[in-house]
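Here's the structure we're looking at; comments come further down.
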Amino acid sequence: MKAATFPPTATLGAKLDAIAARVIAGSRHPAIRARAAEAVQASGGDAWRAFEALYAELLRDGVRLPDPGHAAGEDRIEPAHVTLGRLAGDCDDWTVLVLALARSLGFMGSIVTLSGQPEDGPPVPLHVFATVERMDGADVSADATEGLALGEDPLPIYATATLREVWPVEARSDALGFLGAVIGLVSTLIGGNTSRKNARDARAGAEAQARAVASQAEADALGHRFQRDVGLASLASQERIAALGADLRARDQKNARRSTDQAFAFLREMAPVGAAVAALAIAAPIAQYAIGGR
């Protein structure tokens with residue numbers, strides 16, 4: 001889904017419908033889903049902790065920029081994945097991104113508008129931000145535009161705001177304008193809101209899938225550690241065998257040198273005896289000859 005551009009004459013309902021449509025489309029975008037899956041895995045399968053971590057990243061790295069169309073009197077609403085990529089935008093863009101991330105994690109949300117009410121004429125929109133419904137049903141303010149922590153309401157910043165309106169995303173997604181909002185709001189108040197149950201079921205499924213992914217990752221890590229330990233043990237065994245072989249060769253060489261030294265020492269000790277024997281062997285024939293000649 002592309003960005004939506006509105007002229008100055010556009011109604012608030014048309015802008016809300018555009019925001020809701022980009023929230024729903026954004027929650028299904030591969031970039032949004034991948035980032036949400038990474039956060040769930042990093043949080044150990046806890047979807048709300050994953051959302052808190054993602055929101056903290058938006059506060060840390062995000063930049064508020066004025067809408068470039070405002071100079072021409074226009075209002076431009078970017079898709080969620082575009083704002084995620086550049087981490088910059090105005091309140092419309094940040095609201096779309098926050099709600100898209102929350103929805104991808106299984107949490108429902110609403111668009112909140114703050115307007116000023118002049119003495120005569122229609123309300124003048126001042127600001128828009130998001131609220132996200134926790135698993136316990138509580139609605140938590142999430143105004144990344146103003147850099148506010150989760151749960152912190154931006155109303156004190158907008159002192160001239162006299163009108164605060166809450167528009168559930170599901171109520172705006174049918175593109176029927178105010179009628180759709182009323183139907184969705186009544187359905188929520190009655191308590192027959194099937195989309196809440198579907199969102200909770202989706203959240204439970206996402207958490208179960210995240211736990212399965214985390215378990216598989218832990219099993220893979222355990223397998224890698226086992227293979228590493230076996231490999232190290234095998235390498236250590238080979239090194240011990242090589243060291244033992246070297247030690248045996250050194251001992252053999254030492255014994256061989258010792259035997260050689262002992263042999264040479266024996267020969268040196270026996271040298272005088274050998275010389276005497278040799279002299280006797282030479283003298284004996286001479287003496288026998290001399291005796292026989294007489």
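The values are calculated or read from the model by the stated rules, or taken from the named source; none is laboratory data. What you are looking at is a predicted structure, and each value in this text was computed from that prediction instead of being measured. For neighbour counting, all protein chains shown are included, and Cβ atoms are generated from backbone atoms with ideal geometry for every residue, glycine included.
Quick notes
- Subset of the stretch 115-137 (residues that are farther than 22 Å from Gly89 by Cα and not polar (S, T, N, Q)): Gly116, Pro118, Glu119, Asp120, Gly121, Pro122, Pro123, Glu133, Arg134, Met135, Asp136, Gly137
- Condition met for Thr95 (at pLDDT 95 or above, within 30 Å of the chain's Cα centre (by Cα) and closer than 24 Å to Thr9 by Cα): yes
- Meets criteria (surrounded by 15 or more Cβ atoms within 10 Å (Cβ to Cβ) and at pLDDT 95 or above) for Ala142: yes
- Residue match in the stretch 150-163 (condition: within 22 Å of Arg22 (Cβ to Cβ) and modelled with pLDDT of 90 or more): yes
- Note on the stretch 1-115: enclosed helices (runs of 4 or more DSSP H) holding 3 or more residues that are without any contact (Cβ under 8 Å) to a residue 12 or more places away in the chain and farther than 18 Å from Asp143 by Cβ are 30-42.
- Of all residues in the stretch 134-149, none that is without any contact (Cβ under 8 Å) to a residue 12 or more places away in the chain and more than 18 Å from Leu105 (Cα to Cα) has its Cβ atom under 9 Å from the Cβ atom of a residue that is surrounded by 13 or more Cβ atoms within 10 Å (Cβ to Cβ) and among the acidic types (Asp, Glu), 6 or more apart or on another chain.
- Taken over the stretch 116-143, residues that are of a type in the set (A, V, I, L, M, F, W, C), assigned to a strand (DSSP E or B) and farther than 21 Å from Leu97 by Cβ amount to 1.
- Residue that is among the acidic types (Asp, Glu), under 28 Å from the mean Cα position of the chain (by Cα) and crowded, with 23+ Cβ neighbours inside 10 Å, where the choices are Glu78, Glu52: Glu78
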